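Trainee: Please see the structure below; I have some questions.
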Amino acid sequence: MSSDTLVNTLATPVESADALRPLRILLKETQYELAGRMRTRAYSLSVIGLPVMFYLLFGLANRGKPAALYLVAGYTCWGVVSACLFGIGLTLALERAQGWLDLKRASPMPRFAYLGAKVASCAAFGLIIAIVLILLGGSLGGVTITAGRAAELAAIAVAGSIPFAAMGFFVAYLVPPNSGPGIINLIYLPLSFASGFWMPVSVLPHWLQVVAPALPTYHLAQIALAAVGMAPASGMALHWAVLGGFTVLMLAAAWITFVRSEANS
Amino acid sequence: MSMTLSAPLAAPAHRAAAPAGVLSPSAAAPSAVAASCVATLESAVKRYGKTEALRGLDLTLRRGEVVALLGPNGAGKTTTVRLLLGLISPDAGRVRVLGRDPRTTAARTRIGAMLQVARVPEALLVREHIALFRSYYPHPLAAAEVVTRAGLEGLEGRRFGELSGGQRQRVLFGLALCGDPDLVFLDEPTVGLDLQSRRRLWEEVRALAARGKSVLLTTHYLEEADALANRVVVIDKGRLLREGTPAEIRHGVSGRRIRCVTRLDADYLSALPSVTSLQRDREAVIIYAERPEEVVRRVLLEDDSLHGLEVAAAPLEDAFLALTGGDAHQTQPE
């Protein structure tokens, strides 16, 4: 039995040298995170279902008009933001409060696998929402979206998941888990409204038009709208820079709250 | 940590060596003990704000040993487990697990934990939860083996959310075994289990120890500590109160326990030779006595209506309550 101990002790460093193992864990973690979200109807139906339902109402009411095209891009942004805030902000808050995160942390699971799987799942949901809306717009919505523009919008949905996934991490450490859904709605519904996800910012009250450019969601909307030709294509560098800065800010805020909560746990 | 290949592994030998190693943690432990140590807390202090959860706790876990950590709520049991798992860091003192900092992946690869988890992602199947946890370890236990040991046969294809409370506990136990760990932490493992599942889990804990694995168990069921543990560690208010085999702890409460329904009054009973204390229990009285035979002989002579007589060793529960200052029979002041 003693020699078993010796073998195990020596084997451990050799095993950790297997460079592909962390990657395999990330893939498996992502696979199950995604499967879990798909099966959780409260999540998948609201995150994908709401933009689809609204498109069937408002997109189809404007069939063939520019508004039908506008809403493909706007609702994609809406889906991306809600997939991230509910998918990370809410689930991480719950998993933390219910002790599941502790069990994962006590295991040798690499932390990046847990966090990476959450981000990747959000990106996957963003992609699904973009594809569904593009198909709806192109068929029932009666608008023309070229393959190139569709691909661009889908790519934006994926890339746009990253800043809001970062926001999700911060929100997870901010909201009390029991009131999570309410608080997240309070955060993202006004953001969606003021950033032009549902209607052009130009039709909003004047003061909101002034506030909008300060919101990260506004910049995501501008990028997505430009991809389908519903916003000026200039100033893209600025929009991306704002989203990049927002990502860094959110990750830093999440890290600080995380470290603080660790100290108190 | 020195790697003495000829380290003695028989549990009794360690038990004999225990007091020296445990009571004088600052002194260098003898190398034979060090080699068999799988986890240690040395003068661990943990504060939450102004409250001190642990006030210099020393704890040693040895190979092949099942240690039960007992204490009332707020004694510091969960804090102790969280320190040993590296989920929190001590404010003072030292924590070592398998000769390493418990926060290292190398240490975590060889430990398994069953924590009090209110909810687990419910949409995943039992099989998927096991597959995911197994993927974290370089040498996991075979999935079928995890299923058998945790008693999950027939539940593999069920979603976690569909399981009963006891079944969920068994899944969590299974997850603790996925990495074929050398050291297993079980925090209140049998809460919500039916009698049959509890016995089965006990068997598995014994089997772990028989394979040379170490188990640290926290529990509210003293019967469980009595049935499983080689060593019981009683803590309260973040300090070590007593440690020893369940029998040694029980002996902390002197004498045995006589329960009977009698007309005799309390004054008469407490004046009988060797009686240490009395307690009312519904219609009956419980008498603690050093020499129960003598007491029984006297009360039977004095009261021919006496009935419902039972004589038993004082249970671990009484010792526990006496140690932690609970409302029960107290040992006589020394």
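Coordinate-derived values only; no laboratory data. Quantities reported herein were computed from a predicted structural model and do not represent experimental measurements. Don't worry about glycine lacking a Cβ; one is built from the backbone with ideal geometry, like all the others, and counts go over all protein chains shown.
Trainee: Got a sec? Charge dipole of the range A:22-263, +1 on Cβ for Lys and Arg, -1 for Asp and Glu; which of A:Thr76, A:Ala231, A:Ser192 is way out at the positive end?
Mentor: Final value for the positive-end residue is A:Thr76.
Trainee: Continuing with this model, one more query. List the DSSP H helices in chain A whose Cα atoms stretch 30 Å or more along the helix axis and whose mean Kyte-Doolittle hydropathy is at least 0.0.
Mentor: A:111-138, A:147-174, A:236-263
Trainee: Hey, another quick one. Could you give the nm distance between label points at A:Leu57 and B:Thr105, where each point is 7 Å from its Cα heading toward the beta carbon?
Mentor: That separation, rounded to one decimal, is 4.8 nm.
Trainee: Follow-up question, since we're still on this one. Can you compute the helix-only [θ] at 222 nm over the protein assembly as shown? Use -39500 (n - 2.57) per DSSP H run of at least 4 residues, normalise by all residues, nearest 500 deg cm²/dmol.
Mentor: -16500 deg cm²/dmol
Trainee: Near A:Lys28, which aspartates and glutamates are there with a Cα under 16 Å away, not counting those fewer than 8 places off in the same chain?
Mentor: List returned: B:Glu128.
Trainee: To the nearest 0.05, what FRET efficiency results for B:Thr245 and B:Glu310 with a Förster distance of 22 Å applied to their C-beta separation?
Mentor: E(calc), rounded to 0.05, equals 0.35.
Trainee: Please give the FRET efficiency for A:Leu208 paired with A:Asn185, using the beta carbon to beta carbon distance and R0 = 25 Å, rounded to the nearest 0.05.
Mentor: Result of the calculation: an efficiency of 0.85.
Trainee: If amide H atoms are built 1.01 Å from N in the plane of the peptide, which residues on other chains or at least 5 residues away come under 5 Å of the amide H of B:Val184?
Mentor: B:Gly112, B:Ser214, B:Val215, B:Leu216
Trainee: Now for a different question. Evaluate the charge dipole of the range B:180-308 about its Cα centre and quote only its size in Debye, nearest 20, assuming +1 on the Cβ of each Lys and Arg and -1 on the Cβ of each Asp and Glu.
Mentor: In total the dipole reaches around 180 debye.
Trainee: Report the label-to-label distance for B:Ser89 and A:Ala252 in nanometres (one decimal), using points 7 Å from each Cα along the Cα→Cβ vector.
Mentor: 2.2 nm
Trainee: Please rank B:Cys260, B:Cys178, A:Cys122, fewest neighbouring Cβ atoms within 10 Å first, as an exposure proxy. Don't skip to the answer; put the middle values down first.
Mentor: Values: B:Cys260 21, B:Cys178 24, A:Cys122 30.
Lowest count first: B:Cys260, B:Cys178, A:Cys122.
Trainee: Amide H neighbours of B:Ile235 under 5 Å, at least 5 residues apart or on other chains, H built in the peptide plane: list them.
Mentor: Excluding prolines and chain starts, which carry no amide H, the hits are B:Leu70, B:Gly71, B:Leu241.
Trainee: Arranged by the count of other C-beta atoms within 10 angstrom, fewest first, what order do B:Ser43, B:Ser214, B:Ser164 take?
Mentor: Least to most surrounded, the residues fall as B:Ser164, B:Ser43, B:Ser214.
Trainee: Could I ask something else about it? Would you mind giving the mean number of other chain beta-carbons within 10 Å of the Cβ of each residue in B:124-134, as a whole number?
Mentor: 3
Trainee: Further, regarding this structure: Within 10 Å of each Cβ in peptide B:175-182, how many partner chain Cβ atoms are there on average? Round it to a whole number, please.
Mentor: Average per residue, whole number: 2.
Trainee: Which net charge results for the neighbourhood of A:Ala83, defined as the other residues with beta-carbon distances under 15 angstrom from its beta-carbon, given Lys and Arg at +1 and Asp and Glu at -1?
Mentor: On the way: positive: A:Arg37, A:Arg41, A:Lys118; negative: A:Glu33.
Counting the neighbours of A:Ala83, the net charge comes to +2.
Trainee: For the charge dipole of chain B, defined by +1 on Lys and Arg C-beta atoms and -1 on Asp and Glu C-beta atoms about the Cα centroid, which residue among B:Leu306, B:Val146, B:Ala266 has the Cα displaced farthest towards the positive pole?
Mentor: B:Val146
Trainee: Tell me which of A:Phe258, A:Ser44, A:Val201 sits at the most positive position along the dipole axis of the range A:22-263, charges placed on C-beta atoms (Lys, Arg +1; Asp, Glu -1).
Mentor: Of the options given, the answer is A:Ser44.
Trainee: Also, quick follow-up: So how tilted is helix B:165-177 from the main axis of chain B? Cα-based, degrees 0 to 90, rounded to 10.
Mentor: Once rounded, one gets 60 degrees.
Trainee: What are the ³J(HN,Hα) couplings of the range B:84-91, residue after residue, when phi is run through the Karplus curve with 6.51, -1.76, 1.60 and θ = phi - 60°? Round to Hz, x for glycine and proline.
Mentor: These are the phi-based 3J(HN,Hα) values: 5, 8, x, 6, 9, 10, x, 6 Hz.
Trainee: What does the charge dipole of the range B:256-313 about its Cα centre add up to, to the nearest 20 debye, if the Cβ of each Lys and Arg holds +1 and the Cβ of each Asp and Glu holds -1?
Mentor: Using Cβ point charges on Lys, Arg, Asp and Glu, the range B:256-313 gives about 200 debye.
Trainee: When we measure straight from the Cα of B:Lys50, which lysines land under 24 angstrom away, once same-chain ones fewer than 8 places off are left out?
Mentor: In chain and number order, the partners are B:Lys77, B:Lys237.
Trainee: Quick check: the distance between the Cα centres of the range B:124-167 and the range A:133-183, to the nearest angstrom?
Mentor: That distance is 34 Å.
Trainee: About its Cα centre, how strong a charge dipole does chain A have in debye, to the nearest 20, once Lys and Arg get +1 and Asp and Glu get -1 at the Cβ?
Mentor: Here chain A has a charge dipole of around 420 debye.
Trainee: Ranked by Cβ crowding within 10 angstrom, fewest neighbours first, how are B:Asp194, A:Asp102, B:Asp318, B:Asp265 ordered?
Mentor: Values: B:Asp194 12, A:Asp102 20, B:Asp318 23, B:Asp265 9.
Sorted ascending by nearby Cβ count, the order is B:Asp265, B:Asp194, A:Asp102, B:Asp318.
Trainee: So how tilted is helix B:11-23 from the main axis of chain B? Cα-based, degrees 0 to 90, rounded to 10.
Mentor: 80 degrees
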